[in-house]
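**Student:** One structure coming up, written as structure tokens, with questions to follow.
The values are calculated or read from the model by the stated rules, or taken from the named source; none is laboratory data. On a predicted model such as this, the values are computed, not experimentally measured, just so you know. No Cβ is skipped: glycine too gets one built from the backbone with ideal geometry, and neighbour counts run over all protein chains shown.
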Amino acid sequence: MRAYHLEQLGKLDGLVVSEHEIPSPGVGEVLVRVRASSINFRDSVIANGWYSPPVSLGRVPLSDAAGEVEAIGSDVTRFRVGDRVVNSFFPNWFGGTFNVMPQQWVVDRDGWLTEYKVVNAEALVLMPRHLSFEEAASLPCAGVTAWSALAGIGPGDTVLTEGTGGVSLFAVQLAKALGARVIATTSSPEKAERLRQLGADDVIDYRTTKDWGKQVRALTDDRGVDRIVEVGGAATLAQSVQAIAYGGQISLVGILAGVEGGIDFMTMFTTHATFKAIVTGSRRDLEDLNRVLAQHQIRPIIDSVYDFDDAIAGLNHFAARQLFGKVVIRH
């Protein structure tokens, strides 16, 4: 079997492919034939050496994957050989509140950019049957993050999403399935049309409408939106604060627009809104998400698929950020 390893941090092509013996599962473990993995912003941060906590050299990258159970160790009852599975983002956070940092793929354990992987059966769940391996590989981080960011949303609510990355597109699809109105921001007329086709009720071009928070209020009769899936970070937060309804929630997901920016504390305070940092989710969250995807036959949006041998090209394409959906590696 082959696996990629992070042998040099600070650049996206610091990956080396090595050959290994296919491992055998032990007690409570399964051997997964990995069929697809997906790339997240976290993976670019790790490859560039910016991630905290630090990542040891030699680690196998990527946190999200889907595949088939090829062999089962003793005492495994959750799966059978041939089951199609997807991993939970945190290998040992199964449910409940987030009050201690769980283990992380790549940081504490090797990740999923490999052809075979032995893992504890408790770190896996069954894939939704209607999805391909490439689609399912996008669920552990982007799908679950969007699901967690929308917790509590229902019919009659209005949700704002930003951009066309994996989390944002999942948020559009899931918010519509939950019965909410969706206002989306994007950077071009072409992407705006694709967002409307995906279900967005209104779309704002943030390149031509710099003060898009004011436009959101105009679209909501000055009420604002109930939930914002905030993926931009400090650079977009001021507009999100302008757009949020009294008592709404801004789900803080990412820093895609950069870390520079500022906002007056009193402006935040007078919204009476909740600012909630989203830490992806537990295995239970992934299981709940999968039931909703299956019920509504929702398919993740895939930007592009790269072969295993071209994984570095996939990482470079992702880093360019000209995306509509997820970048996936086919193993």
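**Student:** Where residues in the stretch 233-251 are in contact with a helix residue (DSSP H, G or I) (Cβ under 8 Å, 6 or more places away or on another chain) and in contact (Cβ under 8 Å) with a residue 60 or more places away in the chain, which of them is farthest from F41 (Cα to Cα)?
**Tutor:** In the first step, residues of the stretch 233-251 are kept if they are in contact with a helix residue (DSSP H, G or I) (Cβ under 8 Å, 6 or more places away or on another chain); the result is 238-243, 250-251.
Still in the list and also in contact (Cβ under 8 Å) with a residue 60 or more places away in the chain: 240, 243, 251.
Details: S240: 21, A243: 25, S251: 17 Å.
For the stretch 233-251, the residue satisfying everything is A243.
**Student:** Checking the condition surrounded by 19 or more Cβ atoms within 10 Å (Cβ to Cβ), in contact with a strand residue (DSSP E or B) (Cβ under 8 Å, 6 or more places away or on another chain) and closer than 19 Å to E135 by Cα, which residue from V60, V55, V32 passes?
**Tutor:** Every option except V32 fails the conditions.
**Student:** For the stretch 133-151, which positions are touching a residue at least 12 places away in the same chain (Cβ under 8 Å) and either assigned to a loop (DSSP other than H, G, I, E, B) or small (G, A, S) (or both)? If you could, list the steps in order and put the result at the bottom.
**Tutor:** Residues of the stretch 133-151 touching a residue at least 12 places away in the same chain (Cβ under 8 Å): 133-150.
A136, A137, S138, A142, G143, A146, S148, A149, L150, listed by residue number.
**Student:** Taking into account only those residues within the stretch 201-231 that are under 19 Å from the mean Cα position of the chain (by Cα) and hydrophobic (A, V, I, L, M, F, W, C), which is surrounded by the most Cβ atoms within 10 Å (Cβ to Cβ)?
**Tutor:** I228
**Student:** Is it true that some residue in the stretch 80-91 is in a loop (DSSP other than H, G, I, E, B), at pLDDT 95 or above and on the phi > 0 side of the Ramachandran plot?
**Tutor:** Step one: filter the stretch 80-91 for residues in a loop (DSSP other than H, G, I, E, B), giving 80-83, 88-91.
Going one step further and asking which of them are at pLDDT 95 or above, we end up with 80-83, 88-91.
Remaining after also requiring on the phi > 0 side of the Ramachandran plot: 82.
So far as the stretch 80-91 goes, yes, one or more of its residues are in a loop (DSSP other than H, G, I, E, B), at pLDDT 95 or above and on the phi > 0 side of the Ramachandran plot.
**Student:** For I39, are the conditions met, namely being in contact with a helix residue (DSSP H, G or I) (Cβ under 7 Å, 6 or more places away or on another chain) and in the same structural domain as E70 (by TED's automatic domain parsing)?
**Tutor:** Considered against the rule, which asks whether it is in contact with a helix residue (DSSP H, G or I) (Cβ under 7 Å, 6 or more places away or on another chain) and in the same structural domain as E70 (by TED's automatic domain parsing), I39 comes out as yes.
**Student:** Tell me whether the stretch 178-191 contains one or more residues that are over 22 Å from I39 (Cβ atoms), polar (S, T, N, Q), free of Cβ contacts under 8 Å to residues at least 40 places away in the same chain and surrounded by 17 or more Cβ atoms within 10 Å (Cβ to Cβ).
**Tutor:** Yes, the stretch 178-191 contains a residue that is over 22 Å from I39 (Cβ atoms), polar (S, T, N, Q), free of Cβ contacts under 8 Å to residues at least 40 places away in the same chain and surrounded by 17 or more Cβ atoms within 10 Å (Cβ to Cβ).
**Student:** Go through (1) touching a helix residue (DSSP H, G or I) at 6+ places or on another chain (Cβ under 6 Å); (2) among the polar types (S, T, N, Q); (3) surrounded by fewer than 22 Cβ atoms within 10 Å (Cβ to Cβ) and name the single condition T274 misses.
**Tutor:** Every listed condition holds for T274 apart from (1).
**Student:** Can you pull out every residue in the stretch 155-177 that is without any contact (Cβ under 8 Å) to a residue 60 or more places away in the chain and surrounded by fewer than 23 Cβ atoms within 10 Å (Cβ to Cβ)?
**Tutor:** Of everything in the stretch 155-177, those that are without any contact (Cβ under 8 Å) to a residue 60 or more places away in the chain and surrounded by fewer than 23 Cβ atoms within 10 Å (Cβ to Cβ) turn out to be P155, G156, K176.
**Student:** May I ask you to list the residues in the stretch 15-69 that are small (G, A, S), out of contact with any Asp or Glu (no Cβ under 9 Å at 6 or more places or on another chain) and assigned to a loop (DSSP other than H, G, I, E, B)?
**Tutor:** Residues satisfying the conditions are S24, G26, G49, S52, S56.
**Student:** Give just the number: which of (1) assigned to a helix (DSSP H, G or I); (2) closer than 19 Å to L150 by Cα does S251 not satisfy?
**Tutor:** Here S251 meets the rest and fails (1).
**Student:** Then there is this: Counting only residues that are at pLDDT 95 or above and not aliphatic (A, V, I, L, M), which one in the stretch 305-316 is surrounded by the most Cβ atoms within 10 Å (Cβ to Cβ)?
**Tutor:** Filtering the stretch 305-316 for residues that are at pLDDT 95 or above and not aliphatic (A, V, I, L, M), the one surrounded by the most Cβ atoms within 10 Å (Cβ to Cβ) comes out as G314.
**Student:** Are any of the residues in the stretch 290-304 of a type in the set (A, V, I, L, M) and at pLDDT below 95?
**Tutor:** No, that holds for no residue.
**Student:** Farther than 25 Å from Y306 by Cβ, surrounded by 24 or more Cβ atoms within 10 Å (Cβ to Cβ) and in contact (Cβ under 8 Å) with a residue 60 or more places away in the chain: is that true of F98 in this structure? Let's see the steps before the verdict.
**Tutor:** Values: farther than 25 Å from Y306 by Cβ: yes; surrounded by 24 or more Cβ atoms within 10 Å (Cβ to Cβ): no; in contact (Cβ under 8 Å) with a residue 60 or more places away in the chain: yes.
Against the criterion (farther than 25 Å from Y306 by Cβ, surrounded by 24 or more Cβ atoms within 10 Å (Cβ to Cβ) and in contact (Cβ under 8 Å) with a residue 60 or more places away in the chain), F98 does not qualify.
**Student:** Quick check on the stretch 85-99. Is at least one of its residues out of contact with any strand residue (DSSP E or B) (no Cβ under 9 Å at 6 or more places or on another chain) and among the aliphatic types (A, V, I, L, M)? Outline the logic, then answer.
**Tutor:** First pass over the stretch 85-99, keeping only residues out of contact with any strand residue (DSSP E or B) (no Cβ under 9 Å at 6 or more places or on another chain): 93-99.
Add one more test, that the residue is among the aliphatic types (A, V, I, L, M), and what stays is none.
No; the residues of the stretch 85-99 include none that is out of contact with any strand residue (DSSP E or B) (no Cβ under 9 Å at 6 or more places or on another chain) and among the aliphatic types (A, V, I, L, M).
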